Amino acid sequence: MNKLLTTVATMAILTTSCTQKTSNESDFNYNVDKFADIEVLRYKVPGFEELSLNQKKLVYYLNEAALQGRDILFDQNGKYNLAIRQTLEAVYLNFNGDKESAEFKAFEKYLKQVWFGNGIHHHYSMDKFVPEFSQSFFAEQVKALPADKLPLAEGENVENLIATLSPVIFDPSVMAKRVNQAQGEDLILTSATNLYENVTQAEVEEFYNKMKDPNDSTPVSYGLNSKLVKQDGKLVELPYKVGGLYSDAISKIVFWLKKAEEVAENETQKAHIGKLISFYETGDLKTFDEYSIIWAEDTTSNVDFVNGFIESYGDPLGMKGAWESLVNFKNIEASNRTEIISANAQWFEDNSPVDSKFKKEAVKGVSAKVITAAILAGDCYPSTPIGINLPNSNWIRAAHGSKSVTIENITDAYDEAAKGNGFNQEFAYSQEEIESMDKYLSLTDKLHTDLHECLGHGSGKLLHGVDPDALKAYGSTLEETRADLFALYYLADNKLIELGILDNPDAYKSEYYKYVMNGLMTQLTRIEPGKNIEESHMRNRKLITEWAYKHGKDENVIEYVKRDGKTYLKINDYTKLRQLFGKLLAEVQRIKSEGDFEAGMKLVEEYAVKVDPELHKEVLERYAKLNIAPYKGFVNPVYTAITDVSGNITDITVDYTENYVDQMLRYSRDYSPLTK
Ligand code: ZN
């Protein structure tokens, strides 16, 4: 629930100012590698050079702590993952046959997938990868290797190893799914994840239910940092800690955290790093909560990081935390943008086209921090979130707040990488729209998100006595509709120019065009043939654009144009389109404020749900031809410490040239405390 993942192919966001892009922008190659359904990109770390030497050291030490955890996640994801990775890499590095052969190519593709999935399962679908090379090829290659290159257990020989790993890799029925969520099955026994061993779902549930005290208002996150196993008929938790499970990796993480502690920016940061170290040393979940509280309350440090057992999507029962790390620093310029918007929240409320009886007398904007990622690791790598909201513990969130961040250099990279994919060229009406989007969408898309999040959701009020759940199942679609309309309406307002966050009165057209094209057409790429629109954000986009299309029809505000058998959208009157957005905003706010269920249902059912099957088919066919990888991830930059003759660090440099395969092999060589 706390990771915002990008799923929209057109997702175009970012950079604080278009003028920021320098002429060497074109020299930077965002596209690194492409295989299976994956595209690997690289990202920039703007602003790193401007950090103080102390902050650079802090980032550097935290990065090292991040990279040392890689093996933990591989092992959490599956019992044989580390052995498989090591074996595949040994074959890869020692192969001296024909590297152009189909068999070797298939082998290489599989290894790239295993790296990307941090194991043998797809990071998103959780299904086991299907190798396209033969079992005999695998066996022959492994047999040809010297024994010291292989992860042989005590008393195990090469034959045993091949016999153990072959079914895990090749038999589709063995460890088929990493996380099984199918209702009615034993979710523990049917999931390949390595968080439990020899235990059934019922046993796990009983074990943890016994621990929980229903009257405890500040419960720890039970089971977060341990593997639960059955030993001699008894259930035992094996905690991840120094001296416990993953000790060799955790000790190295602690080593680097201690260095980071020494160069902390302030006492608060020093305190939470210290707590985290003590959590890793003791495995005590109370200490983890203490750490989380200080961390959540540390809103002044420029450099910040996550390092630990955090999200529980990898556990079918949602308890055990997958190891992850993200090191970052504040993007001051971009955070400034959200702060300006929040500071003017009352002006936006007062001047909205909504009936004054539905407006808030005193509105407070929410400000979220914008950050620059410096390194991605564990469960954040290579596939990464674009926004994070932590800590996860509900009572800590309620009592001490949480930190909500958007990772702008990652969204920037998605955006830049998408530019060459031909998407806009295929679907946009003309060169004019393409150029406008190339030039401004990066900024206007970000502003749309800022206005939506910081102001839109917080605007307006319910009339006295209206049930907040009056709109029932239509509530979330209408809520997103309201926030999007608020953003769309104000994107075209001179106020943004006055506030200095936009520099061109026509810039908003890029977002209007993208929004209309997406809402009426291109978002259909995410829907299977024959299906209607179900997801609430998608419904909201369809509602807004379909309503504006129909209500502007007499004046031809939005037009469908057919050219060479292809459908395009053309906006003939942007000013009228903005008026329509304002009109719909007023109506949606009325529906919400009065709790008018009937009107809300009618809006959604009439405008937001139905798909034109002809257009849908056409869009899917055009999209398929573009061959855009549905999943994306990143390689990290390489940080190097420059030292003087006495070994003191004098600077940290960043290099962006490493490719995917080299990075994975280097990490396995230099950051692999858990492999033999
Ligand atoms: Zn929203």
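The values are calculated or read from the model by the stated rules, or taken from the named source; none is laboratory data. The structure displayed is predicted, hence computed values, not measured ones. All Cβ positions, even for glycine, are placed from backbone atoms using ideal geometry, and neighbour counts span all protein chains on display. For accessibility, only protein heavy atoms count, side chains too; no ligands or nucleic acids. Shrake-Rupley method; radii C 1.70, N 1.55, O 1.52, S 1.80 Å.
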If the only charges are +1 at each Lys and Arg Cβ and -1 at each Asp and Glu Cβ, what is the size of the charge dipole of segment 549-676 around the Cα centre, to the nearest 20 debye? 360 debye
Mean shadow area (nm²) of the C-alpha convex hull around segment 420-628 is 12.0 nm²
In whole Å, how far is the Cα centre of segment 611-676 from that of segment 153-189? 28 Å
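For segment 504-591, which trypsin sites (Lys or Arg not before Pro) pass both filters: DSSP loop (anything but H, G, I, E, B) and at most 13 other C-beta atoms within 10 Å?
Here the sparse-neighbourhood loop sites are 531, 553.
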On a 20 Å Cα-Cα criterion, which of the cross-link pairs 357/550; 514/550; 44/105; 357/583; 330/632; 79/258 come out too long? 357/550; 44/105; 330/632; 79/258
26 Å Cα-Cα threshold exceeded, pairs from 57/252; 275/320; 566/602: 566/602
Filter the chymotrypsin sites (Phe, Trp or Tyr not before Pro) in segment 560-666 down to the DSSP loop ones having no more than 16 other Cβ atoms within 10 Å, then list what survives. 656
Hey, what did the chain get for relative contact order, percent, Cα under 8 Å, at least 6 apart? 19 percent
Ordering 602, 252, 227 by how much accessible area each has at a 1.4 Å probe, largest first, what is the list? 602, 252, 227
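Over segment 420-628, with every protein chain in place, what whole percent of the accessible area is carbon and sulfur at 1.4 Å, could you tell me?
Numbers: 4220 of 9060 Å².
Within segment 420-628, the accessible surface is 47 percent carbon and sulfur.
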Averaged per residue, what accessible area in Å² does the chain show with a 1.4 Å probe, protein chains only? 42 Å²
Give me the one-decimal nm value for the distance between modelled label points at residue 205 and residue 658, 7 Å along each residue's Cα-to-Cβ direction. 4.4 nm
Using θ = phi - 60° and Karplus 6.51 cos²θ - 1.76 cosθ + 1.60, couplings along segment 385-396 (whole Hz; Gly, Pro as x): x, 9, x, 9, 9, 9, x, 7, 4, 4, 6, 5
On a C-alpha basis, how far is the centre of segment 37-111 from the centre of segment 198-217 in Å? Whole number, if you could? 36 Å
Gap separating the Cα centres of segment 233-300 and segment 411-479, nearest whole Å: 38 Å
Simple spin-label estimate for residue 54 and residue 217 in nanometres, 7 Å along Cα-Cβ: 3.9 nm
Sorting check: for 458-467, 643-652, 33-42, 439-448, which peptide has the highest mean count of neighbouring beta carbons within 10 Å, and how do the rest follow? 439-448, 33-42, 458-467, 643-652
So which aspartates and glutamates can residue 234 reach, going by Cα to Cα under 13 Å and dropping same-chain residues fewer than 8 places off? 197, 203, 206
Loop-only GluC sites (Glu not before Pro) in segment 305-401, please: DSSP not H, G, I, E or B, and at most 13 other Cβ atoms within 10 Å. 361
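Could you compute the net charge surrounding residue 470? Neighbours are other residues with a C-beta less than 9 Å from the C-beta of residue 470; K and R count +1, D and E count -1. Don't skip to the answer; put the middle values down first.
Values: positive: 472, 592; negative: 467, 469, 594, 596.
Residues near residue 470 contribute -2 overall.
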Those aspartates and glutamates that a straight Cα-Cα span of less than 17 Å connects to residue 439, excepting residues fewer than 8 apart in one chain: 25, 412, 415, 416, 503, 506, 511
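Summing Lys, Arg as +1 and Asp, Glu as -1, what charge do residues with Cβ under 10 Å from the Cβ of residue 292 carry, residue 292 excluded?
Working: positive: 275, 397; negative: 289, 290, 297.
Value of the local net charge: -1.
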Whole-Hz Karplus couplings 3J(HN,Hα) for segment 174-181, θ = phi - 60° and coefficients 6.51, -1.76, 1.60, Gly and Pro as x, run 8, 6, 5, 10, 5, 10, 9, 10
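Extension gain residue 575-residue 462, at 0.36 nm per residue separation less the Cα-Cα distance, in nm? Can you show the working numbers first?
Values: separation 113, 0.36 × 113 = 40.68 nm, distance 2.96 nm.
Here the answer is 37.7 nm.
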In a shell of Cβ-Cβ distance under 12 Å around residue 674, excluding residue 674 itself, what net charge do Lys and Arg (+1) and Asp and Glu (-1) give? +1
3J(HN,Hα) from dihedral phi, segment 557-574, Karplus parametrisation 6.51/-1.76/1.60, rounded to Hz, x for glycine, proline: 5, 10, 10, 8, 10, 9, 9, 6, x, 10, 9, 10, 10, 10, 9, 8, 9, 5
